[in-house]
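Heads up, the thing below is written out as structure tokens.
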Amino acid sequence: MAVRRSLIAVAIAFMTLFLVLPLIIVFSEALSAGIGVYFNALIDPNVADAIYLTLVIAAVAVPANLVFGIMASWCIAKFDFVGRNVLITLIDLPFSISPVIAGLLEVLLFGLNGLFGGWLSDHNIQIIFALPGMVLATTFVTFPFVAREIIPLAQEQGNDEEEAAVTLGAGGLQIFFRVSLPKLRWGLFYGVLLCNARAMGEFGAVSVVSGKIFGQTDTLSLAVESLYESYEIQAAFAVASLLAGLALLTLVLKAGLEWRHRDEIHAVRRKRSA
Amino acid sequence: MSATIPARRWAWRKPSILPGFAPSLAITLVWLGVIVIGPLGVMLWFTAGLGWGGFFSIISRPRVLGDLWVSLSTAFLASFINLFFGLLVAWVLTRYRFPGRRLADALVDLPFALPTAVAGIALSTLYAPNGWIGAILAPLGIQIAFQPAGIVVAMMFISLPFIVRTVQPVIEDLEVEQEEAASLMGATDFQIFLRISLPAIFPSLLTGFALALARCLGEYGSIIFIAGNKPMVSEILPLLIVAQLDEFDYQGATAIGTLMLFVSFLLLLAINLLQAWVRKRHGG
């Protein structure tokens, strides 16, 4: 009993030090000069622009990876073919690649000296140091998020119901929308939730391809950096508190989903740890 | 004349009555090619363009080797420390019931959800000499922020959930009967953990370690604010790539990017081999 108590105590102490304190200091620093100053920092038009840019990036990257995840889960989970495991490994690749490299890749492709740089500048199209580059880099970084949640889930669920639907004469799209999609619903939501959190918060990849002009090519994460580097610490934490709020909301939704669907989630996690 | 059943020819996929294989595979491959494989191929192609000589002259620069050492040593140390704390947290959350357990369990994922820049400025403020934690450590002569130790702290923060979440399902699946039997035969709790539980958990710990290590090596946002960023002392390799890009040294950035890719590939391969060996030995 004594062992159990001290193990719990050490674990709680560790989590408080490493997880709770960083969260508390964000809000404490943001509100350090009072609530008025806090809101003043947030109504800055540059912050509004950063919020807009962050939302636009997520609004492109998340649906793109959602559609990809659905396609990948269909061919990988419903069919058995040579090279399937290689394909899964390749989809997971962006997880083990530094976000900075993700940004570098876009520079090598679309930068002035990049592969398509000459053609792009001839046609007056700017990708690097502009929105398209930031969207591409974010899409790279969040690439596996939806796919890796729903592939194991779809594999776990098997094909019996889909095969029954085929023998009853259902068409492909009918099977997908009436049988498969409803089964995957919460897995999709879960994947989109995590994908969105990363897309809105991504820093390294976006930082490399952004022009870093506060108010023009700064996302919320980049605005945090800009403000912090120019010693506007309180304003930096005020913007950071928005992102921390998003993170907390993500965790609450995630915990809720996990509570409702524990059995399936455990099955998926077990598959992954094996 | 005897009738023979025609042997089924080898096929690259098992037959299925479900529709949609070709289009879904095609879209998957094209999208994977355009977003991930193609760009990576371009980086490797640019690296090949440097030639062996050019590549080696870049990656043997003292600053590159020094920063590689900083990245590798801090990532190993942080992942190693988290093996213990990650296992502890996973064990406590799975095995024990105490008030606030579900809240603590949800909080484990905070480093996944919290944007890295936010984590970076929060940790930097906490551990700075005048910060909440830094001020306690400063009289003891311990400085964490703007030192290599700061890099380790940031890496521990971001990699914790990788180990906890990999180990947790395995602890859930452990058969309590074995432990009870050992306990009846007079084994101490510690013996039971070391001889029965740990061997079963070990392969998943290795998986978690590999995931944590990969994340630590690549991490950028949460580290740069707390690291100090002194070349060859407290500068990580991803930051050096950014520095090269800022100086428009694209060749340098490309070569270092390829180096990082190979280093993480080799490490993951080594850990996979180690894991296969452990599994074989324990007959798992």
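Every number in this text was worked out from the coordinates using simple rules, so none of it is lab data. The structure displayed is predicted, hence computed values, not measured ones. Don't worry about glycine lacking a Cβ; one is built from the backbone with ideal geometry, like all the others, and counts go over all protein chains shown.
Can you work out ³J(HN,Hα) from phi for every residue in segment B:189-199, in order, using Karplus 6.51 cos²θ - 1.76 cosθ + 1.60 and θ = phi - 60°, giving whole Hz and x for Gly and Pro?
For segment B:189-199, the Karplus-derived couplings read 4, 5, 4, 4, 4, 5, 8, 10, 6, 4, x Hz, x marking Gly and Pro.
Give me a comma-separated list of calculated 3J(HN,Hα) values for segment B:93-103, in order, Karplus coefficients 6.51, -1.76, 1.60 applied at θ = phi - 60°, integers in Hz, x for any Gly or Pro.
Result, ordered by residue: 5, 8, 8, 10, 10, 8, x, x, 5, 5, 5 Hz.
Kindly provide the helix-only [θ] at 222 nm of chain B, computed as the sum of -39,500 (n - 2.57) over DSSP H runs of four or more divided by all residues, to the nearest 500 deg cm²/dmol?
That calculation yields -23000 deg cm²/dmol at 222 nm.
With the calculation restricted to Cα positions, what are the radius of gyration and Dmax of segment B:1-110 in angstrom?
26.4, 78
Given Cα pairs under 8 Å that are at least 6 residues apart, what percent is the relative contact order of chain B?
So the answer I get is 27 percent.
Averaged across orientations, what area in nm² does the convex hull of the alpha carbons in segment A:1-67 project?
Taking a quarter of the hull surface, the average projection is 8.3 nm².
For chain B, modelled as a Gaussian network with Cα springs under 10 Å, which listed residue fluctuates most, B:Trp31, B:Trp12, B:Trp91?
B:Trp12
Pairs A:Lys183/A:Lys271; A:Lys78/A:Lys183; A:Lys183/B:Lys280; A:Lys183/A:Lys254; A:Lys271/B:Lys14: which exceed 25 Å Cα-Cα?
Flagged as over cut-off: A:Lys183/B:Lys280.
Using the scaling law 2.2 N^0.38 Å as the reference, what is the normalised Cα Rg of segment B:51-179?
After normalising by residue count via 2.2 N^0.38 Å, the value is 1.36.
How large is the Kirkwood hydrodynamic radius of chain A, counting all unique pairs of alpha carbons, in Å?
Roughly 21.2 Å, rounded to one decimal.
Show me, for segment B:45-51, the HN-Hα J-couplings you get by feeding each phi into the Karplus relation (A = 6.51, B = -1.76, C = 1.60, θ = phi - 60°), rounded to Hz, glycine and proline as x.
For segment B:45-51, the Karplus curve yields 5, 4, 5, 4, x, 6, x Hz.
Count, for each residue of A:235-246, the Cβ atoms from other chains sitting within 10 Å of its Cβ, then give me the mean as a whole number.
Other-chain Cβ atoms within 10 Å of each residue's Cβ, averaged: 3.
Which one of B:Ile171, B:Ile224, B:Ile27 has the biggest mean-square fluctuation once chain B is modelled by GNM with Cα springs under 10 Å?
Evaluated over chain B, the most mobile residue of the options is B:Ile27.
Looking at segment B:61-281, I'd like the Rg to Rh ratio, where Rg is from alpha-carbon atoms and Rh is Kirkwood's inverse mean 1/r.
Answer for segment B:61-281: 1.04.
Can you pull the three principal axis extents for the Cα set of segment A:67-167, in Å, largest first?
So the extents along the principal axes, rounded to whole Å, are 56, 28, 24.
Show me, bin by bin at 10 Å from 0, the whole-percent P(r) of the protein assembly as shown based on Cα pairs.
Taking every Cα pair in the protein assembly as shown, the percentages come to 3, 16, 26, 27, 17, 7, 2, 1, 0, 0.
Per-residue mean of other chain beta-carbon atoms within 10 angstrom of the beta-carbon, peptide B:32-43?
6
Roughly how many debye, to the nearest 20, is the charge dipole of segment B:61-281 about its Cα centre, given +1 on each Lys and Arg Cβ, -1 on each Asp and Glu Cβ, and no other charges?
Around 200 debye, computed over segment B:61-281.
With a length cut of 18 Å (Cα positions projected on each helix's long axis) and a Kyte-Doolittle mean of at least 1.0, go through chain A and give me the DSSP H helices that pass.
A:2-15, A:45-78, A:233-260
Can you pull the three principal axis extents for the Cα set of segment B:21-60, in Å, largest first?
47, 12, 11
Given contacts defined as C-alpha pairs under 8 Å and at least six residues apart, what's the relative contact order of chain A, whole-number percent?
30 percent
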